[in-house]
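Below is one structure; the comments refer to it alone.
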Amino acid sequence: MQEGEKIVQVNIEDQMKSAYIDYSMSVIVSRALPDVRDGLKPVHRRVLYGMLDLGLFANRSYKKSARIVGEVLGKYHPHGDTSVYDAMVRMAQDWSLRYPLVDGQGNFGSIDGDSPAAMRYTEARLRKIAEEILVDIDKDTVDFQLNFDDSLKEPTVLPTRIPNLLVNGASGIAVGMATNMAPHNLSEVIEGTIAYIDNNEITIPELMKFVKAPDFPTGATIYGYEGVKDAFETGRGRVMMRGESTIEELSNGREQIVVTSVPYQVNKSEMIKKTADLINDKKLVGITDIRDESDRNGIRIVYELRKDAVTNVVLNLLYQMTALQTSFSVNNIALVKGRPKTLNLKDLIHYFVEHRHEVVIRRTQYELSEAEKKAHILEGLLIALDHLDEVIALIRASRTPEEAREGLIKKFELSELQARAILDMRLQKLTGLERDKIKADYDELMKQIVHFREILDNEPMRMGIIKDELLEIKEKYGDERGSQIVYSAEDFKIEDTIPDDDVVITISHLGYVKRTNLTEYRQQKRGGRGAKGSNIREEDFVEYLFIASMHNYMLFFTEKGKCFWLRVYEIPEGTKTSKGRAIQNMVNIEPDDKVRAFINIKNLKDQEYIDNNYIVMCTQKGTIKKTSLAAYSRPRQNGINAITINETM
């Protein structure tokens, strides 16, 4: 051990925990997860900012990819060149991003899984839509931080006008968490965002009228809507995708299946190879030949069928056994103020609007400051032109520029900036036309200053600006939906065919239950004799009576502590005088068990409702228990154990 050094003993378990947490947070925050505001990971943000540094705008010439990678590595990204080039390549692939941000020239790979050419062979520049992500970055709209060696500054987020996280999605594997966000249609997302701005209390089902479903860059068909609904409402869901197909009849009487799109992130050539293996192994029958006739105009995969093959059966087998049908597991995790968070559709739109609002405020403050500086200088020039002879005499009488400046400040009560501007003024400004131009510029600046102050004082006006800019983006880059939605049988719910009317539920002492239309219990006028409510056995009587909605849920709690459930519309309908049906015949209650309690629940599928409501149970001998309603949201056919009952209870 060298002089001055000392050994500090640490607990290895504590040290491992601390080091692993530091590592995992570094991966989560600095590599794997996108920021909810601009939808970019640090590497993508640095690539776009590095290309801006190089002036690689859409209307300028391409530059070699190696030059761009070197710029990003040398200035901002302290990692390997492969990560930078791979990120740039993906932003240029129109089958990876719904709206590519990089315009690549050369071999940038293919949907067949071909690798891109080395960075020394390819060239790139920004696409026009990427410039909308970087626009106004020079107007103090976002915060900057020091780069890895504290020699330069880089933006912590980009001031994007485009809701990039929603329209292009994201994927990444961090430590202990991962994100997988689907791309969406720009026009739909902008319509949904404007609807949210108009009404902050808008519900997710209302937003889904605008943002209908993901929109994948490879097209394909979204099969079934339940997974889409789950993803929008909770941030997690499973979206089923199918390649689009048509059936063509050949001249020899045979038919062939032609696939014109493949699901998102499916390797086309790998899919064809695995299909051929299934045919050779006799696991997939009915197909005589597969051809890939894809070209620059689009995808075309041909499956030739045997003469005796049933086309729809073969197509369903292709969906079942190959990647022609695959699922996209949505997991919307993004960084919100530096912390990972699961986000639903409304959350994603909310945080984007919040970011744009901050950008508009900061941009307006910057433009106001710049306008006030210019107006201040023009005021000085106008004072000088109004006292031209005195100014010239003072300058001629001064021995040095400093003396002239001091003289101007003292005599005309000018600022340092105004005095400098007067001394720097060219002689041509002394002409009458130039003086009129300075006056017109000053008047225009004063109007702008009033306008900027009005924006800063008026939030509805700022929201109007955000909407106008979004509509401009939609006009420029909006397009038609590529992925069509096909509703599956699973999407059909029986309650959609049942009106959500109020009914009267009656439960007798011996456990007979029925529902009756509320309209059957007519209004009784003064002096009325009442109406018979039920025909029952002599030893039985009505024990419970309450009003419920047809779409409500009924929970039944038994003597043995089990819980069963029924939808109200599943309870048999009866007249006012009918006996009803025994509960034991409707749910799987054991013969020696008996229903002891009934609870009418509004909705067991509403996550917020079940998380914030509770059921309290109390036994005869005084044992009490409180449980979240969420614990009862997925009852099994044979019931779930609600409470353990023993002899002491």
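The values are calculated or read from the model by the stated rules, or taken from the named source; none is laboratory data. Model, not experiment: these values are computed from the prediction. All Cβ positions, even for glycine, are placed from backbone atoms using ideal geometry, and neighbour counts span all protein chains on display.
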From GLU472, GLU480, residue being at pLDDT 80 or above and loosely packed, with under 12 Cβ neighbours inside 10 Å: GLU480
Enumerated helices (runs of 4 or more DSSP H) restricted to region 139-212, each holding at least 3 residues that are buried (at least 20 other Cβ atoms within 10 Å of the Cβ): 164-168, 186-198
Would you kindly identify the strands (runs of 3 or more DSSP E) lying entirely within region 220-278 that contain at least 2 residues that are touching an Asp or Glu at 6+ places or on another chain (Cβ under 8 Å)? 236-242, 245-249, 255-259
Taking region 308-343 and the residues there that are in contact (Cβ under 8 Å) with a residue 60 or more places away in the chain and exposed (fewer than 14 other Cβ atoms within 10 Å of the Cβ), the one that is farthest from the chain's Cα centre (by Cα) would be GLY338
I'm checking my understanding of the structure. Among residues of region 566-605 that are touching a Gly at 6+ places or on another chain (Cβ under 9 Å) and not in a loop (DSSP other than H, G, I, E, B), which one is modelled with the lowest pLDDT? GLN584
Of those in region 614-628 that are surrounded by 11 or more Cβ atoms within 10 Å (Cβ to Cβ) and not in a strand (DSSP E or B), the residue modelled with the lowest pLDDT is THR619
Here's a check for you: in region 1-34, which residue that is of a type in the set (S, T, N, Q) and in a helix (DSSP H, G or I) is surrounded by the most Cβ atoms within 10 Å (Cβ to Cβ)? SER24
Residue under question is ALA117, and the condition is that it be under 17 Å from HIS44 (Cα atoms), among the small types (Gly, Ala, Ser), free of Cβ contacts under 8 Å to residues at least 60 places away in the same chain and assigned by TED's automatic domain parsing to the domain that holds MET51; does it hold? no
Among (1) farther than 30 Å from PRO214 by Cβ; (2) modelled with pLDDT under 90; (3) assigned to a helix (DSSP H, G or I), which single condition is ASN316 missing? (1)
Only one of (1) surrounded by 14 or more Cβ atoms within 10 Å (Cβ to Cβ); (2) within 27 Å of ILE204 (Cβ to Cβ); (3) among the acidic types (Asp, Glu) is not met by ASP611, so which one is it? (1)
Residues ASP81, ASP114: which one is under 15 Å from GLY50 (Cα atoms) and surrounded by fewer than 18 Cβ atoms within 10 Å (Cβ to Cβ)? ASP81
Residue in region 433-454 that is buried (at least 16 other Cβ atoms within 10 Å of the Cβ) and within 22 Å of ASP198 (Cα to Cα) present: no
Please work out which residue is farthest from HIS376 (Cα to Cα), limiting yourself to region 395-408 and to residues that are of a type outside the set (D, E, K, R) and surrounded by 16 or more Cβ atoms within 10 Å (Cβ to Cβ). SER398
Of the residues that make up region 514-525, is at least one modelled with pLDDT of 80 or more, farther than 24 Å from LEU604 by Cα and of a type outside the set (Asp, Glu)? no
Considering region 1-40 alone, what residues qualify as being touching a strand residue (DSSP E or B) at 6+ places or on another chain (Cβ under 7 Å) and β-branched (Val, Ile, Thr)? ILE28, VAL29, VAL36
Checking LYS283, LYS374 in turn, the sole residue that is surrounded by fewer than 20 Cβ atoms within 10 Å (Cβ to Cβ), more than 19 Å from the chain's Cα centre (by Cα), touching a residue at least 12 places away in the same chain (Cβ under 8 Å) and in a loop (DSSP other than H, G, I, E, B) turns out to be LYS283
Residues being touching a residue at least 24 places away in the same chain (Cβ under 8 Å) and in a loop (DSSP other than H, G, I, E, B) - total across region 377-404: 1
May I ask you to list pairs of residues, at least six apart or on different chains, whose Cβ atoms are under 9 Å apart, with the first in region 248-269 being closer than 16 Å to ARG306 by Cβ and assigned by TED's automatic domain parsing to the domain that holds SER110 and the second being modelled with pLDDT of 95 or more and of a type in the set (A, V, I, L, M)? none
Given the conditions (1) surrounded by 12 or more Cβ atoms within 10 Å (Cβ to Cβ); (2) farther than 18 Å from ASN164 by Cα, every one holds for LEU48 apart from (2)
Looking at the structure I just gave you, is THR364 within 30 Å of the chain's Cα centre (by Cα) and of a type in the set (Ser, Thr, Tyr)? yes
In region 405-462, which residue that is assigned to a helix (DSSP H, G or I) and polar (S, T, N, Q) is nearest to TYR366 (Cα to Cα)? GLN448
Quick check on region 186-209. Is at least one of its residues touching a strand residue (DSSP E or B) at 6+ places or on another chain (Cβ under 8 Å) and either without any contact (Cβ under 8 Å) to a residue 24 or more places away in the chain or not polar (S, T, N, Q) (or both)? no
What do you reckon, is ARG46 in a helix (DSSP H, G or I), touching a His at 6+ places or on another chain (Cβ under 7 Å) and in the same structural domain as ARG120 (by TED's automatic domain parsing)? yes
Quick check, is PHE557 surrounded by 15 or more Cβ atoms within 10 Å (Cβ to Cβ), touching a Cys at 6+ places or on another chain (Cβ under 9 Å) and of a type in the set (Phe, Trp, Tyr)? yes
In region 257-286, what residues are closer than 16 Å to ASP94 by Cβ and either touching a helix residue (DSSP H, G or I) at 6+ places or on another chain (Cβ under 7 Å) or of a type in the set (D, E, K, R) (or both)? VAL262, LYS268
Go over the candidates GLU188, GLU123, GLU131 one by one and state the one that is in contact with a Lys or Arg (Cβ under 8 Å, 6 or more places away or on another chain), charged (D, E, K, R) and closer than 25 Å to GLU71 by Cα. GLU123
Spot the failing condition for LEU381; the list is (1) surrounded by 19 or more Cβ atoms within 10 Å (Cβ to Cβ); (2) within 30 Å of GLU444 (Cβ to Cβ); (3) modelled with pLDDT of 95 or more; (4) not small (Gly, Ala, Ser), and only one is missed. (3)
Quick check: is even one residue across region 65-73 basic (Lys, Arg) and part of a loop (DSSP other than H, G, I, E, B)? no
